[in-house]
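What follows is a set of notes on a single structure, which appears directly below.
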Protein chains: 2
Amino acid sequence: MSDTTTALIALDWGTSSLRGFRLSASGAVLETRASGHGIQHLPEPGEAGFEAAFSALCGDWLEGAPVPVVAGGMVGSAQGWREVPYLACPTPLAGLHEAAERVITRAGVEILLAPGLIFEPEGGTPEVMRGEEIQIAGTLAGQPDWQAGSTIVLPGTHCKWADIRGGSVAGFATYMTGELFALLRGHSILGRLMSDAPTGESDRADAFARGIALAAEAGPGDLTRQIFSTRTLGLTGQLPGGVLADYCSGLLIGHEIVSGLRGSDGAPIVLVGSGALCTRYAEALRQLSGQGPAAIIENPAPAGLHRFARDAGLL
Amino acid sequence: MSDTTTALIALDWGTSSLRGFRLSASGAVLETRASGHGIQHLPEPGEAGFEAAFSALCGDWLEGAPVPVVAGGMVGSAQGWREVPYLACPTPLAGLHEAAERVITRAGVEILLAPGLIFEPEGGTPEVMRGEEIQIAGTLAGQPDWQAGSTIVLPGTHCKWADIRGGSVAGFATYMTGELFALLRGHSILGRLMSDAPTGESDRADAFARGIALAAEAGPGDLTRQIFSTRTLGLTGQLPGGVLADYCSGLLIGHEIVSGLRGSDGAPIVLVGSGALCTRYAEALRQLSGQGPAAIIENPAPAGLHRFARDAGLL
């Protein structure tokens with residue numbers, strides 16, 4: 001069987017989008033498709049909606065020889081196709097399949113759904129993830145050093161910091177940084193002075209760095225005081241409206257990284273994601289620790305789903 | 001002149017409301033009125049709107065012998081009746097009148113507008129207030145110990161912590177705690193699990209205390225991680241929806257107080273405001289410092305405006 005033959009169909013099925021990957025036996029991505037049929041945007045309600053979204057995206061991929069199908073993400077949540085209970089940390093990434101659940105379509109296609117993870121630190125508050133564990137598995141595939149010890153950071157609406165030790169997710173934390181920034185820009189008094197006026201790239205970068213520098217000085221509890229400076233620096237004309245969003249973003253990302261670095265204990269940090277946001281996290285890491293990320297991994301979901309399928313014995 | 005004779009009309013004129021006080025020479029409040037004519041809700045645009053709002057509220061108070069009129073708050077802002085520049089801290093509270101500005105209505109009534117304060121700490125970010133300085137002046141009236149050294153805390157949308165030394169506002173800080181709580185409850189994923197289901201008062205108090213306790217453990221930058229626990233404690237059934245708002249409120253107020261106490265340096269803390277919010281701050285203070293506020297002062301604006309008028313030589 002050549003490595004251009006379809007050996008696995010892998011789905012990254014989130015809340016607002018569905019991505020499908022046609023993979024070879026070795027995990028090469030032969031084709032990628034995406035639709036807006038996230039689990040909260042299905043073409044019809046109930047189980048039939050999941051089937052319809054799946055068929056619409058990659059029904060034709062199944063017309064030839066039958067191949068296994070795996071899926072990860074919110075599709076396994078309580079609002080998903082079938083609820084797959086959380087696996088408790090520490091979780092060996094090679095053991096995700098042990099908690100997987102199977103759904104079978106009316107056409108007889110079996111789809112193996114990956115579990116999410118839960119972390120309940122002693123005396124602390126619980127943490128949950130669903131979908132990121134697949135991206136983490138993909139990030140670590142073929143990286144024995146990172147498997148031994150690393151911190152995987154997945155920037156986004158709710159950024160996850162996962163502590164990897166000996167091939168397991170030892171624990172993780174969630175930062176609401178992305179959602180908080182969107183709230184402050186869109187709905188708070190801070191957003192009123194922010195403008196989209198064309199502003200030089202270096203002025204924006206300076207404002208972002210200034211926010212990070214202020215975060216570096218923060219003591220416990222200082223965030224709600226520091227973010228108000230987004231307004232007063234604008235009011236007093238010390239920062240123009242066109243850079244206030246960058247300043248506020250630097251402050252929030254800076255706070256997150258100051259906190260996250262304390263938990264990462266000097267392990268190499270790997271950023272997962274794409275584009276401008278990861279670049280910002282990399283800049284903030286450099287400014288706050290003197291060291292950038294070990295790598296930025298753009299789309300590890302197909303590799304993670306491939307590994308999940310292989311561990312489950314489907315390949 | 002008996003102490004039931006009107007000697008001063010004092011206005012506390014904010015963004016969304018206007019309050020008027022008829023005061024005696026000694027500062028006794030003879031009558032209080034309020035209207036919705038805050039500076040952003042005037043009956044007509046421009047200067048005429050201010051005059052109309054003023055006449056509607058207390059025109060009849062001026063029908064007898066003429067008495068002086070003073071006002072504080074947003075009425076002196078750039079969006080107010082006349083902009084009164086900020087006074088720079090440290091500011092002696094007895095000197096507010098030196099920066100005051102006068103408006104004269106078409107009927108010839110003079111109104112003395114109080115300035116706001118600005119604080120620009122060296123190497124820090126600027127802070128501004130407008131209206132709170134009057135409440136602080138009223139809180140300190142007749143309180144030589146607090147004038148010598150205290151921290152005045154004014155909970156609200158944007159909570160101020162003012163550092164009082166030797167009768168002056170030495171500096172102050174603003175915490176966006178109230179606005180942030182409203183945003184998180186009304187617009188974030190955290191609000192989705194919060195419910196108004198009838199819940200026992202002691203369960204709510206316990207959840208509030210639990211949020212404060214978590215805030216006490218926070219290191220720098222931990223807020224955006226800790227607030228996400230509002231969701232996970234709800235998701236995992238460890239806290240019912242009816243107490244999640246209390247938990248989140250405890251976390252946010254706790255963070256503010258942890259930060260504010262570092263700046264207060266052991267000075268007595270005086271809370272300014274009314275009702276449930278001040279009670280919550282008092283509880284959080286007790287939990288975090290072992291000591292409650294020196295006092296809760298409910299409505300110091302009339303006393304502050306009286307003092308401002310007296311310092312200005314109007315009484």
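The values are calculated or read from the model by the stated rules, or taken from the named source; none is laboratory data. Only a predicted model underlies this, so the values are computations on that prediction, with no experimental measurement involved. Quick reminder, even Gly has a Cβ in these numbers, built from the backbone with ideal geometry, and neighbours come from all protein chains shown.
Restricting to the range B:164-181, name every residue that is within 13 Å of chain A (Cβ to nearest Cβ) and farther than 19 Å from A:His158 by Cα. Reasoning before the result, please.
Taking the range B:164-181 and keeping what is within 13 Å of chain A (Cβ to nearest Cβ), we get B:171-181.
B:Gly171, B:Phe172, B:Ala173, B:Thr174, B:Tyr175, B:Met176, B:Thr177, B:Gly178, B:Glu179 - these are the residues of the range B:164-181 that are within 13 Å of chain A (Cβ to nearest Cβ) and farther than 19 Å from A:His158 by Cα.
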Condition first: of a type in the set (S, T, N, Q), more than 20 Å from A:Arg231 (Cα to Cα) and modelled with pLDDT of 95 or more. Can you find one or more residues in the range A:176-184 that meet it?
no
Filter the strands (runs of 3 or more DSSP E) completely within the range B:1-100 down to those with at least 2 residues that are surrounded by 22 or more Cβ atoms within 10 Å (Cβ to Cβ) and at pLDDT 95 or above.
B:8-13, B:18-23, B:69-73
Whichever residue in the range A:182-215 is surrounded by fewer than 16 Cβ atoms within 10 Å (Cβ to Cβ) and in contact (Cβ under 8 Å) with a residue 40 or more places away in the chain and, among such residues, is nearest to B:Pro220 (Cα to Cα)
A:Ala213
Output the number of the condition that B:Gly266 fails; it satisfies all remaining conditions of (1) touching a residue at least 12 places away in the same chain (Cβ under 8 Å); (2) on the phi > 0 side of the Ramachandran plot.
(1)
A:Thr279: hydroxyl-bearing (Ser, Thr, Tyr) and more than 9 Å from chain B (Cβ to nearest Cβ), yes or no?
yes
Right, B:Ala312: over 21 Å from the mean Cα position of the chain (by Cα) and at pLDDT 95 or above or not?
yes
Hey, any hits in the range B:224-234 for a residue that's under 27 Å from the mean Cα position of the chain (by Cα), under 30 Å from B:Ala170 (Cβ atoms) and either at the interface with chain A (Cβ under 9 Å from one of its Cβ atoms) or not in a loop (DSSP other than H, G, I, E, B) (or both)?
no
Of (1) of a type in the set (S, T, N, Q); (2) at pLDDT below 95; (3) within 19 Å of B:Asp206 (Cβ to Cβ), B:Thr279 satisfies every one except (2)
Among the candidates B:Gly219, B:Gly211, which residue alone is more than 8 Å from chain A (Cβ to nearest Cβ) and either within 17 Å of A:Pro121 (Cα to Cα) or at pLDDT 95 or above (or both)?
B:Gly211
Among the numbered criteria (1) within 19 Å of A:Ile134 (Cα to Cα); (2) in contact with a strand residue (DSSP E or B) (Cβ under 7 Å, 6 or more places away or on another chain), which one does A:Thr15 miss?
(2)
For A:Arg262, work out the one condition from (1) farther than 30 Å from B:Leu117 by Cβ; (2) surrounded by 18 or more Cβ atoms within 10 Å (Cβ to Cβ); (3) within 14 Å of chain B (Cβ to nearest Cβ) it doesn't fulfil.
(2)
Give me the pairs: first residue in the range B:118-144 and within 14 Å of chain A (Cβ to nearest Cβ), second residue in a loop (DSSP other than H, G, I, E, B) and of a type in the set (Asp, Glu), beta-carbon distance under 7 Å, and six or more apart or on different chains, which are they?
B:Pro126/B:Glu120
The range B:125-181: strands (runs of 3 or more DSSP E) wholly inside it with 2 or more residues that are small (Gly, Ala, Ser), touching a strand residue (DSSP E or B) at 6+ places or on another chain (Cβ under 7 Å) and surrounded by fewer than 22 Cβ atoms within 10 Å (Cβ to Cβ) are B:168-175
Quick one: count up the residues across the range A:242-271 that are in contact with a Lys or Arg (Cβ under 9 Å, 6 or more places away or on another chain) and outside any loop (DSSP other than H, G, I, E, B).
14
Being small (Gly, Ala, Ser) and without any contact (Cβ under 8 Å) to a residue 24 or more places away in the chain is the requirement here; does B:Ala71 meet it?
no
